[in-house]
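Quick note: the coordinates plus some simple rules give every number you see, no bench work behind them. Quantities reported herein were computed from a predicted structural model and do not represent experimental measurements. Glycine gets a Cβ as well: all are built from the backbone with ideal geometry, and neighbour counts include every protein chain shown.
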Amino acid sequence: YQGLAGRSTDEVLQLYAAHGQQLKLQRSSVVTQLLGAIKKRLKEDLKSLHSFALELSKDFQRQSKTCLYQVLAAVQGVQLQNEAMQMFQIKAFDLEQSLQEVTERYEKEKQKRRALHNSLVELRGNIRVHCRIRPLLPFDDAAGHSVAQDRQRNFSEKVAYAADDETVLVKCSRPGHASINKTFQFERVYNDLESQDAVFADVAPLLTSLLDGYNVCIMAYGQTGSGKTYTMLGPQLEGNLVFSIEEESELGIIPRATQEVFRLISEKPPGSYWVEVSVVEVYNNEIFDLLAKDSYGKVLGVKRDVVTTREGKSDVPLLTHETVENASEFLHLVNRGLQLRVRHPTLVHAHSSRSHLVVTLTITTVVFGDNFGTSWEDEQTSQRLNKEVSCTFPQKMRDNKSTSSSRASSPVQLEAIEKMKQVKTRLQLVDLAGSECVGMSGVTGAALRETSFINRSLSALADVLGAIAEQRAHVPYRNSKLTHLLQDSVGGDAKLLVMLCISPGQKYLTESMQSLGFGTRARQVQRGQVKKKNLPVSSKAK
Ligand code: ADP
Ligand code: MG
């Protein structure tokens, strides 16, 4: 401002303007410079951005290419896998089919082998042994052992199994020892789930044999509570009845066998067969006739004796034989007889029967003298004769004596009666008393006496089997009433089936092993070919 002093206003104004201009010039050159710098910078940035974008797109392309390859590879892999899977599926299908074929062939072979084995059993007169393992039941946990004992040996553990339908597997373990598996082979083994139906299905062919002229005996063996009575009769009811017909699926062998016998008879010419029943109990080595009635018609167990006849057969004189015409009549009769059966609650099982029960069905078949041992040549004639003669049969005589004698008066009929012969075949169904040893059941006094009689009779049975197996000249049938009574079935000409019953629990291991041992020895018995009674009707025997 000092330089302005003394200058005129115009000059000052001019100076200002010049100064402003100068400033403007200066500013614009700075701006230009700045702009230039910014432009340069922008250019550089754009360039680097461009190259970055290029790089990025290249990278993206690279990566997408790799991804594409990967996807392609994966798709190819999946396709290959699909193909492989399809191949596998085809292979699996093929394998499944061949497995099915092999299984079918195996089943066929098994059946063939069974049939062959059956013929062999027949030829050798072997005793058939089937084994049924019952399920574990609530009472297996309780009674007989303290909790400490139970914990120590795990008494309720299952140790007996059906490994397959011919093999029993038993896990034998002792404290401090490693357990060993033992196996036992039988003609048939039933696991704990197999029904009464399944058990009976294997028994039924024997009944066909019965009507074909063979004696048959089916005997349940095992310790108390192992399922003998369940298998032979069915579950025991609380009331008076031993079994009821309402529970058809639960019925045991005895009622089913009777139904089957009557079914088979119904297919034969009417009147050519008739059936008588006897029910016998062997208790403390005494034989009781459970169908005997007093003079008032009241059923009471009458003591009987067993004798050997001149032909060397065992017989029970005076034994009551009741004729039955159908299965329900039979059930009624047996129910009545069984109410007399001696029972004693042991610790093992409250309803254990302490006696051997023998239910016998005697089937009488009418055979005509001329045709004896040959087949009927003229079926119609035989049926006619059968019909005519049938009115003279005992059960008819019982109802209609006078009619029968008056009817059989024509010469043809008299001739027919002369030629008529009767052939008797017998089905013995035996529910043995429990095979356990004394210590097990915890019994004393009278019950101890019972048990010792039971043990003696069962060891007599084992002795008899041993003597037959060794083909000894003397077989000690008479050592016990049981063996004497069963002499013809055990040693004679009957097809004999022993149904071993096994409790699966560890607690019963000793008893189960004893039963399995008995069954194994029984299987080794060879009694020579089972003889057929001469019967005119010939159908295929088992
Ligand atoms: P045992 O006559 O050998 O003394 P039981 O036949 O009386 O034995 O059987 C003892 C118990 O086990 C009964 O309550 C019976 O119902 C039951 N039981 C036996 N076997 C079977 C089975 N296979 N399935 C179901 N329960 C069974
Ligand atoms: Mg019983």
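Can you list the residues, at least 5 places off or on another chain, whose amide H is less than 5 Å from the amide H of Tyr221, using H built in the peptide plane?
Met499, Leu500, Cys501
Rounded to the nearest 0.05, what FRET efficiency do His332 and Ala92 have when you use their Cβ-Cβ distance and R0 = 56 Å?
Result of the calculation: an efficiency of 0.45.
Find the centroid of the Cα atoms in region 262-327 and in region 478-495, then give the distance between the two in whole Å.
Using only Cα atoms to place each centre, the spacing works out to 16 Å.
What are the equivalent ellipsoid semi-axes of region 25-124, built from the alpha-carbon gyration tensor (square roots of five times its eigenvalues), in whole angstrom, biggest first? Let's see the in-between values first.
Values: eigenvalues 1670, 21, 6 Å².
Semi-axis lengths for region 25-124 are 91, 10, 6 Å.
Please give, to one decimal in nm, the separation of the simple spin-label points placed at Tyr296 and Ser119, each 7 Å out from Cα toward the Cβ.
Those two pseudo-labels are separated by 6.1 nm.
Using the basic label-point model (7 angstrom from Cα toward the beta carbon), what is the Ser48 to Thr183 distance in nanometres?
8.5 nm
Between Arg174 and Ser459, what FRET efficiency follows from the Cβ-Cβ distance if R0 is 35 Å, with the result rounded to 0.05?
0.90
Order 472-478, 212-218 from most to least packed using the mean count of other Cβ atoms within 10 Å.
The most tightly packed comes first, giving 212-218, 472-478.
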